[in-house]
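The values are calculated or read from the model by the stated rules, or taken from the named source; none is laboratory data. Treat the numbers as computed from the prediction; the structure is a model and nothing was measured. Cβ placement follows ideal geometry from the backbone for every residue including glycine, while neighbour counts extend to all protein chains displayed.
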Amino acid sequence: MANENCIISLQGVNKTFGNNTVVDDFNLDITKGEFVTFLGPSGCGKTTTLRMIAGFETPTSGQILLNGEDITKIPPHKRPINTVFQRYALFPHLDVYDNVAFGLKLKKIPYEKTNRKGETVTKYRHYTRAEIDEKVMRALKIIDLEDLENRDISTLSGGQQQRVAIARAIVNEPEILLLDEPLGALDLKMRKEMQLELKDMHKKIGITFIYVTHDQEEALTMSDTIVVMNNGCIQQIGKPLDIYNEPVNAFVANFIGESNIYNATMVGKLKVKFLNHVFDCVDDFPLNEKVEVVVRPEDVNLTPIKSHAKDGDLNGKIVDKIFKGIHYEYLVMVGKSEVVAQSTKDYELDSQVRIDIEPDLIQIMKKNTTANVFPEAYIDKNNRLVISDAIFDIDVTQLLKGSHVDDLLYLIGPDGKKYDLDDADVIATIGLNDVEIVDGFDNGNANAEVIDTIYKGDHYSVLVRTKEEEDFIIDTIDTWNPGDLVSVKVASEKIKLTLKGDISKYEVD
Ligand code: ATP
């Protein structure tokens, strides 16, 4: 074990359902008293990981240690762990007190007794009424509902009901509290309040919290440590600020806060090219290396161009502007690329601006070579994916669990809410094995030229480039030669999408 304060350790944990690996080589040590959040999009394996910690699922391989002991095969009720779910599952016919006391009344606690032969034996007893009373009132005090002990559950607000659910979990004095999207059913205002209350509660009780959410703001507000997940794999583990400032890849950058993410190339010592412009930077990467670049909107400086633009400047046109209370958010077009910028200054729509970015505010990341990642993709009005000059059929229902597409191509959520995804910005991820190369032009989703092939022992890694300079890396057993003119093809179910920003942005009446 990494350190003696480690309460729970997941070591090489995998979980497979049929052929589907939903948690892949998960390694994590959690310290006693820590507030750890699993953050990632729907279906990335957060809940499955939590359920393995709780004991409701068994890992396909790997180990889970609690205080250094293997609990992988121990059933849930024997683990000092309690879970709070999104749907609070309270008993509607019982009042607040009895809901919290319910588990305690059933619980049998061991005690030691000397029998007639003088041997020490373990016996079991129920809690006394006074013991239950003390524990319930202590839990109600922590969640700040002491005055409502006799209230019917149905008369409580959603937030109050969720607090009762938390009291019911902490009354058992678990060492670890697992919280699976516990605020998911609350409205935004209540969520914000409860986030702060939960953090406060965590401080008061001092036990370890493992929290699951797909909401990055929630994760940033509450956690000591965030574990960002995608496709069953840990992407990054770190403190909120470190993850925000130093994302390790485009996926994390997008998930934590709004970002401008671009494919870029190192074109000199501390010089990186993106947006068709060469920027000074502070990260040293080899010459010609393909990298990804992240720039936060608050780090993009805009200056109005009064008269003529100067040569060598990076200029763009403001095409959209939203007042966000303290600052404006601008959408600036530079050629066909979008730059999101924030500024407290009020600039005119359609005006030309110069764009400057300080070298140390350009975060450069090694390009993901385990998948093709397209950070500047978007969805068109026919619900297809556009990556520059490549257009793909996609399954947009992956963006919202339980959704479907209606006849007019709106995405309909499980709650009936309607979303118009036309022009929605997404990050598209396509596996190296999921792209097919076909001979000749016009036989697939995009025309491309083979640029490079590298033999990797048992297969080739082929780099193809479209006319608009989008690169696809493909693992294949077929041989291709630089200069071959080909088409790339990808099946719709192989394209993973991550929406930039929250889906609520696209809601329509
Ligand atoms: P969400 O936030 O939507 O709950 P999540 O990140 O918590 O997503 P999981 O619930 O862990 O994701 O699911 C990960 C993947 O595993 C999904 O594709 C899901 O359909 C699949 N999965 C989960 N449980 C089972 C099961 N019992 N049998 C088959 N597949 C499952």
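Filter region 230-267 down to the residues that are within 15 Å of the ligand (Cβ to nearest atom), among the aromatic types (Phe, Trp, Tyr) and in contact with a helix residue (DSSP H, G or I) (Cβ under 8 Å, 6 or more places away or on another chain) and list them by number. If you could, list the steps in order and put the result at the bottom.
The initial filter retains those residues of region 230-267 that are within 15 Å of the ligand (Cβ to nearest atom), namely 230-235, 251, 255.
If we keep only those that are among the aromatic types (Phe, Trp, Tyr) too, we end up with 251, 255.
Passing the criteria: only PHE255.
Per the listing ILE7, ILE30, the residue uniquely buried (at least 16 other Cβ atoms within 10 Å of the Cβ) and closer than 20 Å to THR221 by Cβ is ILE30. With respect to (1) within 16 Å of the ligand (Cβ to nearest atom); (2) out of contact with any strand residue (DSSP E or B) (no Cβ under 8 Å at 6 or more places or on another chain), the lone exception for VAL227 is condition (2). When the helices (runs of 4 or more DSSP H) confined to region 36-142 are screened for residues that are within 16 Å of the ligand (Cβ to nearest atom), under 27 Å from the mean Cα position of the chain (by Cα) and within 30 Å of THR498 (Cα to Cα), those reaching at least 2 such residues are found at 46-54.
For every residue, the table says whether it meets (1) out of contact with any helix residue (DSSP H, G or I) (no Cβ under 7 Å at 6 or more places or on another chain); (2) in contact (Cβ under 8 Å) with a residue 40 or more places away in the chain; (3) charged (D, E, K, R).
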position	(1), (2), (3)
ILE74	yes, no, no
HIS77	yes, no, no
PRO80	yes, yes, no
THR83	no, yes, no
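Note on region 359-407: residues that are out of contact with any strand residue (DSSP E or B) (no Cβ under 8 Å at 6 or more places or on another chain), among the charged types (D, E, K, R), outside the structural domain of VAL295 (by TED's automatic domain parsing) and away from the ligand (no atom under 16 Å from the Cβ) total 2. Scanning region 23-35 for residues that are more than 12 Å from ASN230 (Cβ to Cβ) and either charged (D, E, K, R) or within 6 Å of the ligand (Cβ to nearest atom) (or both) yields ASP25, ASP29, LYS32, GLU34.
Criterion first (modelled with pLDDT of 95 or more, within 16 Å of the ligand (Cβ to nearest atom) and in contact with a Phe, Trp or Tyr (Cβ under 6 Å, 6 or more places away or on another chain)) does LEU10 satisfy it?
On the way: modelled with pLDDT of 95 or more: yes; within 16 Å of the ligand (Cβ to nearest atom): yes; in contact with a Phe, Trp or Tyr (Cβ under 6 Å, 6 or more places away or on another chain): yes.
It is true that LEU10 is modelled with pLDDT of 95 or more, within 16 Å of the ligand (Cβ to nearest atom) and in contact with a Phe, Trp or Tyr (Cβ under 6 Å, 6 or more places away or on another chain).
State yes or no: is PHE374 assigned to a strand (DSSP E or B), buried (at least 18 other Cβ atoms within 10 Å of the Cβ) and modelled with pLDDT of 95 or more? Against the criterion (assigned to a strand (DSSP E or B), buried (at least 18 other Cβ atoms within 10 Å of the Cβ) and modelled with pLDDT of 95 or more), PHE374 does not qualify.
Out of ASN260, ASN254, which single residue is under 24 Å from the mean Cα position of the chain (by Cα) and under 12 Å from ILE357 (Cβ atoms)?
Result of the check over ASN260, ASN254: ASN260.
Of all the listed residues (ASP311, ASP284), the sole one being within 30 Å of GLY431 (Cα to Cα), among the acidic types (Asp, Glu), outside the structural domain of VAL396 (by TED's automatic domain parsing) and without any contact (Cβ under 8 Å) to a residue 40 or more places away in the chain is ASP284. Would you check if ILE166 is touching a helix residue (DSSP H, G or I) at 6+ places or on another chain (Cβ under 9 Å) and either in the same structural domain as ASN150 (by TED's automatic domain parsing) or buried (at least 23 other Cβ atoms within 10 Å of the Cβ) (or both)? The answer is yes for ILE166.
Taken as a whole, region 342-358 holds no residue that is in a strand (DSSP E or B), surrounded by fewer than 16 Cβ atoms within 10 Å (Cβ to Cβ), β-branched (Val, Ile, Thr) and not assigned by TED's automatic domain parsing to the domain that holds SER388.
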